[in-house]
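This report concerns only the one structure given below.
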Ligand code: C2E
Ligand code: CA
Ligand code: CA
């Protein structure tokens, strides 16, 4: 025998060599054991202690029954078997080698803990790979599909066999980006890429996916492939779209709403700035929509809005946008115009479309609209200026008698600024008590006796000038200041009435005008009651004048208020009767005493007004209502009224509205004999023509 050096060993050397060989099993770090057929442990090396303590046995004793069976099976079959034993976190593989000739088996153990851990981990990864809801696609360096998971198949509707080896399709990026991003290039450069893309399913359908691509590299940094993880975001996008619709579209008409309008106008303005084209913004407001709504109900109002919306949209080009700003207000953006005249042509076309009769709930409804036009860049360079200009132009179209079209002009801005300034001055005037009442007598047509006084507000400025209500009431109505003005007048009149009453001068009644904005307030009746309480004015001497239009508007709530006023003892009159909707039918339901026949009929007495005035007075009488003819300016009119049996009259013929001290003189007299005045349109005596 030669050792590594080639020296021959002497026989004397043999004994230590055998001894050292005998130690070999104990030096082995792996367990080595021997079992007899009946499971008696014949031998165990040192490294077997783990097994022995696990089996709770020792050399000479039996191993657990399952191992007895293993020993027998191995011996009977004469085959090498493998068994695994898990002890705590360790895994030991035992190779069972039967030695049938000797009747025992040898067990050679191997610690496979690490290998099993790796395998477990791989199994876990494989499970995750198969069970995640995201689709996974693994690509090689040439972007050929190497592996896909179950979710991939579920999402794309393609089988693994179909796609393996296929080149991954170039994906179309999602909605936001305009250019195709270099997905693979940027993933390779930056390590990963994420974004929204469109992919095709097996059946050809496009669907949106959220994709993240991770580049794989070799340890040397060479690109070796990609892992693509994606999810189908169809549902998410649908939800997003629904939300967007809800936030940007009007649910009633399906048109874009105010928010969408702003977005689109912004966009259109940017384009116009670039191309230098003219852009027109039309602001459309229906003229008598509120009447439809109030008289025919909200259902009919909604139908009308839908019809109008459809007609507007049907009358413009694809590139034009119609939006509903709310209520009965619409806007149209005309982004590509050659000339300003084009805008007017289109506006007239829209007006014609809107005014076509509409069939709603079996009725034919006619509605008109007022349209304001603002042009970019002339009338505004940004969204809000342009919108303000179009709105102002619409307002002026309305003022000019409705159902018309108007272009914006610079004057309108000045006019709007003046209105604002006037509001400020009205506020100061309220503070410094510049609002006072003038009084105009109402006279018995037969004998000229003063039956009442109508209070008419005046603004007596610090400089002594006196302004009539037409100069400030429209603005005060709009700003809401009419409420304070109205309360001021009511208090003044009641206080004055108490004073006249004390001196035995109080006529049958004092009339106070009430604006619709006052009546619509829920606390209006409380206000009247407290003014009566505060001043001590007898309620049955107060008459409130309401206009028809505010009564036609909302029924039950208004009716309740009127009933309450009646129950206080206050009487009610309808002012300017006949000037607006003139409906006798609803009059029957209202707790009113008196009709004031509109001035226009009296003034028209010469040509046709006579018949109408006569008819109104006759019907009033048949309904048990008293009548007052307003605006009587001459003896002829007075005589005609007497002939018709009109009980009361009021007008310049009898007396202009006068300050309280002059009214007092009239009351002291008690009777008025009329005196002809110049026909209407003369400047009011107290109005020096200085428009506020
Ligand atoms: P109104 O209630 O119809 O008042 C009658 C208006 O006709 C008054 O104008 C009066 O001066 C005028 N008038 C009277 N007789 C004649 C006449 O023979 N010929 C002509 N051409 N006009 C005549 P005024 O004072 O300028 O008031 C205008 C309107 O302002 C009133 O119309 C009323 O609607 C409103 N108003 C007046 N005072 C108040 C008030 O205190 N509160 C509210 N809310 N409105 C008021
Ligand atoms: Ca009046
Ligand atoms: Ca009137």
Residues within segment 463-489 that are surrounded by fewer than 17 Cβ atoms within 10 Å (Cβ to Cβ) and not in a helix (DSSP H, G or I), tallied
4
Hand me the list of helices (runs of 4 or more DSSP H) wholly inside segment 134-198 holding 1 or more residues that are within 12 Å of residue 228 (Cα to Cα) and modelled with pLDDT under 90.
183-190
Residue 272 more than 26 Å from the chain's Cα centre (by Cα), closer than 22 Å to residue 344 by Cα and crowded, with 16+ Cβ neighbours inside 10 Å:
yes
More than 27 Å from residue 432 (Cβ to Cβ), surrounded by fewer than 19 Cβ atoms within 10 Å (Cβ to Cβ) and either at pLDDT below 95 or within 14 Å of ligand 1 (Cβ to nearest atom) (or both): which single residue out of 521, 588, 503, 517 fits that description?
588
Which numbered condition trips up residue 46, out of (1) at pLDDT below 90; (2) out of contact with any strand residue (DSSP E or B) (no Cβ under 9 Å at 6 or more places or on another chain)?
(1)
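Considering 683, 673, which residue is modelled with pLDDT of 75 or more, in a loop (DSSP other than H, G, I, E, B) and away from ligand 3 (no atom under 16 Å from the Cβ)?
After ruling out the rest, the residue left standing is 673.
From 658, 632, grab the single residue that is surrounded by 18 or more Cβ atoms within 10 Å (Cβ to Cβ), over 52 Å from the mean Cα position of the chain (by Cα) and more than 16 Å from ligand 3 (Cβ to nearest atom).
Every option except 658 fails the conditions.
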Which is under 57 Å from the mean Cα position of the chain (by Cα), in a loop (DSSP other than H, G, I, E, B), more than 16 Å from ligand 1 (Cβ to nearest atom) and farther than 27 Å from residue 493 by Cα, of 608, 614, 624?
624
Starting from residues that are under 36 Å from the mean Cα position of the chain (by Cα) and within 16 Å of ligand 3 (Cβ to nearest atom), keep the ones in segment 459-481 and report whichever is nearest to residue 426 (Cα to Cα).
473
Only one residue in 378, 388 is in a loop (DSSP other than H, G, I, E, B), touching a strand residue (DSSP E or B) at 6+ places or on another chain (Cβ under 9 Å) and surrounded by 14 or more Cβ atoms within 10 Å (Cβ to Cβ), so which one is that?
378
Unmet requirement for residue 538, which otherwise passes all of (1) surrounded by fewer than 18 Cβ atoms within 10 Å (Cβ to Cβ); (2) under 50 Å from the mean Cα position of the chain (by Cα); (3) modelled with pLDDT of 95 or more:
(2)
So residue 107 fits all but one of (1) modelled with pLDDT under 95; (2) not in a loop (DSSP other than H, G, I, E, B); what number is the exception?
(1)
Restricting to segment 49-65, name every residue that is exposed (fewer than 12 other Cβ atoms within 10 Å of the Cβ), in contact with a strand residue (DSSP E or B) (Cβ under 9 Å, 6 or more places away or on another chain) and in a helix (DSSP H, G or I).
53
Looking at segment 448-457, is at least one residue assigned to a loop (DSSP other than H, G, I, E, B), within 30 Å of residue 627 (Cβ to Cβ) and in contact with a strand residue (DSSP E or B) (Cβ under 9 Å, 6 or more places away or on another chain)?
yes
Check segment 628-642 and report whether any residue there is touching a residue at least 12 places away in the same chain (Cβ under 8 Å), within 13 Å of ligand 1 (Cβ to nearest atom), in contact with a helix residue (DSSP H, G or I) (Cβ under 6 Å, 6 or more places away or on another chain) and part of a strand (DSSP E or B).
yes
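Just checking, which of 283, 230 is in a strand (DSSP E or B), touching a helix residue (DSSP H, G or I) at 6+ places or on another chain (Cβ under 8 Å) and within 19 Å of residue 326 (Cβ to Cβ)?
Working: 230 fails: within 19 Å of residue 326 (Cβ to Cβ).
Residue meeting the stated conditions: 283.
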Tell me which residues, restricted to segment 643-655, are away from ligand 3 (no atom under 16 Å from the Cβ) and either modelled with pLDDT of 95 or more or within 53 Å of the chain's Cα centre (by Cα) (or both).
647
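The values are calculated or read from the model by the stated rules, or taken from the named source; none is laboratory data. Given the structure is predicted, the values throughout are model-derived calculations rather than measurements. Backbone-built Cβ (ideal geometry, glycine too); neighbour counts: all protein chains shown.
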